[in-house]
Amino acid sequence: MDEPEPEPESSEGGEAGPAPPPAFDSPLERELVLDGLNARLFGSPRSELAPTIGRFSVLRKLGQGGMGTVYLGYDAELGRRAAIKVLRAGVEREDSGQARERMLREAKALARLSHPNVVPIYESGRHEDDLFIAMEFVEGETLGEWLTQARAREAILDVFIAAGRGLAAAHAAKLVHRDFKPDNVMIATDGQVKVMDFGLARRTGRATESTDSLDRARPWSSIELTQAGAIMGTPAYMAPEQLRGEATDARTDQFSFCVALWESLYGQRPFAGETLHSLTRAVLGGQLREPPRGGSVPAWLRAVLERGLATEPEERYPSMEALLAALSQRPQQRRRRALAVVAGMVAVAGLGFGAARALEPARALEAPVCTDMDAALREVWSEARSEAVGRAIVEAGTAAETGASYAEETRERVLAGLDDYAQGWTQARTEACLATARGVQSQALLDRRMGCLDGNLRELEVLVDALSEADGATVLRAVSIVDGLPPQARCADRSYLDAVDGAPTEPGQVEELEAIERALAELRVRFVAGKYEPEPAAALLPRAEALGYAPLITQVLVREGLIARRRADYETAQTKLEAAYRAALGAGLLEQAGYCATEMIDLLAEDRSELDGARDWLIHAEGLVDASAEVMLQVKLEGNRASLARIQGDYEAARGHLDAQLALLDGLSDGSSERTRAAVYTALGINHARLGETEAARRAFEDALAINERELGEHHPRVAADLDNLANSLRRAGDLDGALERYERALAIREGALGAAHPELAGTLTNMGLAYTERGEAAKARGLHERAAAIYRETFGSEHPRLAIALSNLSLTLVDLGELSLALEHQREALAIKRSVYGEDHPSVIYSLNSLGTILVHDGELAGAREAYASALAKAGATLGSEHVLNAVALNGLASVALREGDSVEAYDLGIRALVVAEQALGLEHPEVANIQSQLGRARMAQSRPGEALRYYDRSLELRAKAVDPDASVLQRCRIDRASALARLGRHEDAAAQLLEVRAQGVEDPLLVALVARIALSVARAQGDGVEAAELASAEAEAGLDVAERRDYALFIAEFGQD
């Protein structure tokens, strides 16, 4: 199944804003955050004592996972630090009680252990409704980290033997670790080796709780919490009995230990498998892979490890001590080694002779049976058809105003991709034939493999036909369309062939099946080309249902769901995808069901803002995808996890899932996986941007750009999207010139490739408009926003969310131009569209409510503004949680209303609440925090507390100076605010110097000119110099203000408090 190409960050324009912040996970974490805030604002925490757990003072959070959190604590009585693992009471799974019991069992079991190679437990108990375990805090690195550097074999053995002694000590206490791996071993700074995280520890001789699913706990810091109701352990290191859900004992740890040691010595794990399914098959079958050639691991050591890795526990060493004794030996007798070499040579010679004889009959069969395997292919893909496709791409590109270089680049990549696919098809067909010819495969299985390959050939034929008559839209997505061809490998995958078995066999039914499959292939090509036509897919469903073939029904339903989602018909999309999921699951099509589940997560989280539903689907997806051999499906699931984490504001968790995507892609090198890698870099850049990590965001966007320029050519529209994202990061960092340079290049690529009215241009136009607004060129920005809105309206009609975003951005630019009536009209239209498409509680609706409040404040409609902000706050809290950053925007908006209503006390309280949320969400250094700092300063000015106001203004100025060009109007307003506080404090010379700096930077905005003149008048009166001239300048500046500017000016005068 194909996956839609991800939208670039620029598609949301400026409205996307910062993503949600992490919520407070517990009262303890809230306590830590608020103490830190008070310390920054007032020089001391709210209380003299830090929060406590048991007898430990909590210093900071070390990490967080699905079941709880780890804190760094300090025991003042004994003067030592501790790692404190807390299981949250809020984790409400059916067996969360069992998880807590497991934690207490771990504590009680380890408390009995006192061994230098085991991390000791200090204390366990309850903290409020949570359970906690306090253990030694080990400074150093994990064994996994230690092994990232080249290490001598003897050093590796010494470390593992030390860790093995820790395991042996646990076994002596009748405990089994059950999750031994390099990341659960610490090497302290003094070289001490300690085994840790006995969170899976239990008494020997008992089976695991369940064989239904694998442990889904997320690693954080160096400690994991296991999730209840799962097979316990990390799959890559699990013993066969764990994978089967059978009883475990000390020999289980022995197996995991040997997996880790083998991996450390050979640089690869002993059992091959990129997925849980393939790994399990290798482990249960005892399929040890051959070590890399040229290694230095001696035969005796390999023999020790192979015994420890025996499939049956009885065949391993009787105890951990026995294994360690074998590892501690160093055979010295050269004669023994020489004999082993001679014996090995004899064995190899015998195998070679036997193998040659065994292959003789097969070779005799190969020549007459498995020849001319590409005969059917030649009808579909030939030199003539290749020329026709290449010619059509160039001609369609030219007709669509595509630059010649882009058309040529696309032609070369498409033809190369099709050649590779055709060659792979022939090779797969030959291999299938030879397998039966050699007697290692039945004729029935050969028929199934050949039938699968015939289906792939039909897909190729449909694609070649479409490309031979390509239009501009097809050329634009041609490389992605080729990427979506079904892989040949699935036709050699027995599990896949079993899943799709049972196709109709009657002649008429076979013809109908092939006709529907061909129609589906045509729909796929048109879908990836951006043509979302629901009627043809709907017409196929009754025909598929009449055949009663579940795989076909599933494909039709999925295609209907994807088309509906792209048309923003989210209700139909959900209905179709749910039906596809049920059909796939009912037929045992686990991989297809997993795909449907991942699509449901995207739909509910991104489009419908139904996070609880998305989390429920995540549970379905995890079990199905983890059992799949499809790496790209696993990549997609990690993307789902990253999106959910981002929406919920947990940027660090999102970063972890994005890194996991990159790790999965590391084993792949085809063009499709590289372009997926570019998409992940884009998502990573967005995540960095939300965290305020502008430099890291820029690097990630540059990585994505480099990949797509290499894979697609530097004139491809996808490259334009990367340029947009890179420019956005530069704009946020304050490099407006650099941003506009890249926007211009992106616009040139898109106009050349797509024409002047294509909707993808509108995204670049919107972003350019935001840059010009920040530059103070609102009139130029207005033209760009109006052009973007016109393109969206013409392309998508008047009810599309893209149009709503363009109108929202346009309305805010109109505020800068003083056209408040038109701004309100556009913002209300945007809000109506969003409500119609998304419903009342979608984040995009909340954005528009906040923007509406901003416009109403400027228009003097304070009651309406308060209503809009209050509605946004209520929806954000109910839908996204009270710590979401949109709460900060709404709270700051309410503070501005209160300030204008004359209630500076309420304004300050609301501002402090906004600051807590914003700093928790975005970090202390994020430029968005500066808006709230300025508002707090104005509230303090209104309360005649200019000293505190100055501190807020200084902090705001510091943050803005890092992010905005020095001549930006917003930075000028910060300087003016600072001058007003200095004047109120009687520091008139400092105020005058600040005003000189403002004037040196240039002041054009009428309101800012009036504010500068008013402060200058106050300074002149205080110094008794130039008063008359200052009064004249102030009066002239005030006279030039419009109605809205006069309101803001009057508010400033009230805050300034000077006659």
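Laboratory data are not the source of any read-out in this text; all were calculated from the coordinates shown. Because the structure is predicted, anything quoted here is derived from the model rather than measured. Counting neighbours? That spans all protein chains shown, and the Cβs are built from the backbone with ideal geometry, glycine included.
Computed values, structure above
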quantity: Inter-label distance for ALA863 and ASP1042, nm, one decimal - labels placed 7 Å from Cα along Cα-to-Cβ; calculated: 2.5 nm
quantity: Across LYS61/LYS181; LYS85/LYS636; LYS85/LYS194; LYS85/LYS174; LYS780/LYS834; LYS61/LYS85, pairs whose alpha-carbon gap is larger than 21 Å; calculated: LYS61/LYS181; LYS85/LYS636; LYS85/LYS174; LYS780/LYS834
quantity: Sequence of THR694, THR766, THR813 once ranked by neighbouring C-beta atoms within 10 Å, starting from the fewest; calculated: THR694, THR813, THR766
quantity: Shape of region 859-964, Cα gyration tensor, a/c cut at 1.5; calculated: oblate
quantity: Sorted by Cβ neighbour density within 10 Å, fewest at the top, the residues SER848, SER296, SER871; calculated: SER296, SER871, SER848
quantity: Those residues of region 543-580 whose amide nitrogen sits under 12 Å from the label point placed on ILE619, 7 Å along Cα→Cβ; calculated: none
quantity: Prolate/oblate/rounded label for region 952-1059 (Cα gyration tensor, a/c 1.5); calculated: oblate
quantity: Packing rank of 564-571, 377-384, where each peptide gets the mean count of other beta carbons within 10 Å, highest leading; calculated: 564-571, 377-384
quantity: Residue-wise HN-Hα coupling along region 298-311, computed from phi with Karplus coefficients 6.51, -1.76, 1.60 (Hz; x: Gly, Pro); calculated: x, 4, 4, 6, 4, 5, 4, 5, 4, 5, x, 9, 4, 5
quantity: Gyration tensor verdict on region 396-545 (Cα atoms; rounded if a/c is under 1.5, prolate if a/b is larger than b/c, oblate otherwise); calculated: oblate
quantity: Summed residue charge, Cβ within 13 Å of HIS858's Cβ, Lys/Arg positive, Asp/Glu negative; calculated: -4
quantity: Check: region 681-829 dipole with +1 on Lys, Arg Cβ and -1 on Asp, Glu Cβ, in debye; calculated: 140 debye
quantity: Volume of the Cα convex hull of region 703-840, divided per residue and given in Å³; calculated: 113 Å³
quantity: Spin-label pair LEU446/ALA706, simplified geometry with 7 Å Cα→Cβ offset, distance in nm; calculated: 4.9 nm
quantity: Likely footprinting exposure, SER672, SER729, fewest C-beta neighbours within 10 Å first; calculated: SER672, SER729
